[in-house]
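Engineer: Take a look at this one; I'll ask things after.
The values are calculated or read from the model by the stated rules, or taken from the named source; none is laboratory data. Note that the structure is predicted; figures quoted are calculated from it, not measured. No Cβ is skipped: glycine too gets one built from the backbone with ideal geometry, and neighbour counts run over all protein chains shown. Heavy atoms of the whole protein, side chains included, go into the accessibility calculation; ligands, DNA and RNA do not. Shrake-Rupley method; radii C 1.70, N 1.55, O 1.52, S 1.80 Å.
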Amino acid sequence: MEKKITVLAGDGIGPEVIQEGLKILSAIEQKFNHQFTLTHALLGAVAIDKTEDPFPPATLQACQQADAILLGAIGDPKYDNNPDAKVRPEQGLLTMRKQLNLFANIRPLQVYETLKTSSPLKNHLLDKVDLVIYRELTGGIYFGQKTLSEDKQTATDTCSYSVLEIQRIATLAFEAAQKRRNKLTLVDKANVLETSRLWRKTVAALAPQYPTVAVDYLFVDNAAMQLLLNPAQFDVILTENMFGDILSDEASVLSGSIGLLPSSSIGNKVALFEPIHGSYPQAKGLNIANPLATILSVVMLLDYFNLTQEAQLVRHAVTSALERKILSKDLVAQDAKFYTTSAIGDDIKNTILNS
Ligand code: IPM
Ligand code: MG
């Protein structure tokens, strides 16, 4: 198979985790005789430094021409601590999501048996946890009109959703539920927000088309609590942009580390694959970041290309590394021995090549 992949390493630990993701892609290429042609492009703070634009036109073009995009992470503290900054790395990510119409962000979460002790939750709560969050990614408060009054004393962010925007991601979530355990939970704040009431109405209207899927509705505050009290109750969680952002970070705690969670973002053409974590600037250049979220994003990319056997092989290699306690710093007790980012990538690569 021949595919074009655009690689956006981004900021902070982005380049380090991407290097491991690419190591795995090249092992798969070698083992199965595929050809993945890589194009590297700029996104985030690195793009601002070089072009003054967090999502330069050349990057848009490289993304449009690709079969898939692999992204590391973006973000830099020099912008976080400066509320007056005119451009921010995050704008690049948001503009990219919007321009490529990546409206559905899919964040699966599983708990690895060997990592249960890495989670702060009581272990019995983690039995049978296997859920996926369908987060709407190109609408809501992230993209609504923003204002700051002239005297700078008042600001607004507008949350807006259309039925069409809700329907297109809800359809994907229902289809996913049909292939999983036939349960869909819509998370909203319909007791307060008009947009949430529109989500509920729209999802309820779609539900009869999926008679095998049991639908339930949770307010986001309750959902945040239920994720910790009884996470095994969830199968597919469908939610709007900001709630999905918050709940997916929370859910990652169940798995033991945010460094384990991959994601895919899909729209009507190109798809993008990225870890859900940020750029972790404190770890930049130290070779201590967990590369598994990126490697598991590569697994999602392979699945997207229908390379099922290849995806399965990488998945097994990851599980094998975890079982042999090849663990990064975030997964071990303080001061305990850990493996470096590149050592973990090497281990997984070797398992793939030797299998
Ligand atoms: C994520 C991130 C982004 C988001 C940030 C970096 C803008 O937190 O992908 O979850 O909020 O969508
Ligand atoms: Mg987030």
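Engineer: How many percent of the accessible area of the stretch 45-100 is carbon or sulfur, using a 1.4 Å probe?
Structural biologist: 49 percent
Engineer: Follow-up question, since we're still on this one. Counting only helical runs of four or more DSSP H residues, what would the 222 nm mean residue ellipticity of the chain come to if each run contributes -39,500 (n - 2.57) and the total is spread over all its residues?
Structural biologist: Helices in the chain give a 222 nm mean residue ellipticity of -13000 deg cm²/dmol.
Engineer: Do the alpha carbons of any pairs in LYS179/LYS337; LYS4/LYS128; LYS122/LYS189; LYS4/LYS329; LYS78/LYS98; LYS23/LYS50 sit beyond 31 Å of each other, and which pairs?
Structural biologist: Listed pairs above 31 Å: LYS179/LYS337; LYS4/LYS128; LYS4/LYS329.
Engineer: How large is the dipole of the chain about the Cα centre if only Lys and Arg carry +1 and Asp and Glu carry -1, each at its Cβ, rounded to the nearest 20 debye?
Structural biologist: In debye, rounded to 20, the chain gives about 660.
Engineer: Then there's this: Compare ALA214, ALA85, ALA223 in a GNM of the chain, Cα atoms joined below 10 Å, and give the one with the largest fluctuation.
Structural biologist: Result for the chain, Cα springs under 10 Å: ALA85 fluctuates most.
Engineer: Between the stretch 78-132 and the stretch 196-242, what is the separation of their alpha carbon centroids in Å?
Structural biologist: 19 Å
Engineer: How high is the FRET efficiency from LYS128 to GLN64, r the C-beta distance, R0 56 Å, rounded to 0.05?
Structural biologist: Result of the calculation: an efficiency of 0.85.
Engineer: Sticking with this one: List the relative contact order of the stretch 157-313 as a percent without decimals, with contacts defined as Cα pairs under 8 Å and 6+ residues apart.
Structural biologist: Across the stretch 157-313, relative contact order equals 19 percent.
Engineer: Among LEU60, THR6, THR37, whose Cα projects farthest towards the positive end of the dipole of the stretch 1-63, with charges put on the beta-carbon of Lys, Arg (+1) and Asp, Glu (-1)?
Structural biologist: Comparing the listed Cα positions along the dipole, THR37 ranks first.
Engineer: Hey, what's the chain come to in accessible area per residue, 1.4 Å probe, Å²?
Structural biologist: It amounts to 45 Å² per residue over the chain.
Engineer: Which is farthest toward the positive dipole end of the stretch 137-197 among THR154, ILE166, GLY139, measuring Cα position about the Cα centre, with Cβ charges +1 (Lys, Arg) and -1 (Asp, Glu)?
Structural biologist: Among THR154, ILE166, GLY139, the one farthest towards the positive end of the dipole of the stretch 137-197 is ILE166.
Engineer: Further question: Could you tell me the relative contact order of the stretch 254-339? Use alpha-carbon pairs under 8 Å, at least six residues apart, and round to a whole percent.
Structural biologist: 27 percent
Engineer: Counting only protein heavy atoms, what percent of the accessible surface of the stretch 114-269 is carbon or sulfur at a 1.4 Å probe?
Structural biologist: Roughly 57 percent, rounded to a whole number.
Engineer: Taking the Cα atoms of the chain, what is the range of coordinates along each of the three principal axes, in descending order and whole Å?
Structural biologist: Between the extreme Cα coordinates on each principal axis of the chain lie 54, 48, 44 Å.
Engineer: Say we join alpha carbon atoms closer than 10 Å with springs in a Gaussian network model of the chain; which of ASP76, ASP127, ASP151 then has the biggest fluctuation?
Structural biologist: Of ASP76, ASP127, ASP151, the most mobile in the Gaussian network model is ASP151.
Engineer: Using Cα pairs closer than 8 Å and at least 6 residues apart in sequence, work out the relative contact order for the stretch 1-131, in percent.
Structural biologist: It rounds to 28 percent for the stretch 1-131.
Engineer: If you take the alpha carbon radius of gyration of the stretch 62-126 and divide it by 2.2 N^0.38 Å, what ratio comes out, to two decimals?
Structural biologist: 1.66
Engineer: Give me the net charge for the shell around GLY12: Cβ to Cβ below 10 angstrom, other residues only, Lys and Arg +1, Asp and Glu -1.
Structural biologist: -2
Engineer: Compute a Gaussian network model of the chain, connecting alpha carbons closer than 10 Å, and tell me which residue from LEU131, LEU198, LEU164 fluctuates the most.
Structural biologist: LEU164
Engineer: So how compact is the stretch 279-345: Cα radius of gyration and Dmax in angstrom?
Structural biologist: Cα only, the stretch 279-345: 13.2, 41 Å (Rg, Dmax).
Engineer: So if each residue of separation counts as 0.36 nm, and I subtract the Cα-Cα distance between ASP346 and LEU148, what length gain in nm does that give?
Structural biologist: Between ASP346 and LEU148, full extension yields an extra 66.4 nm.
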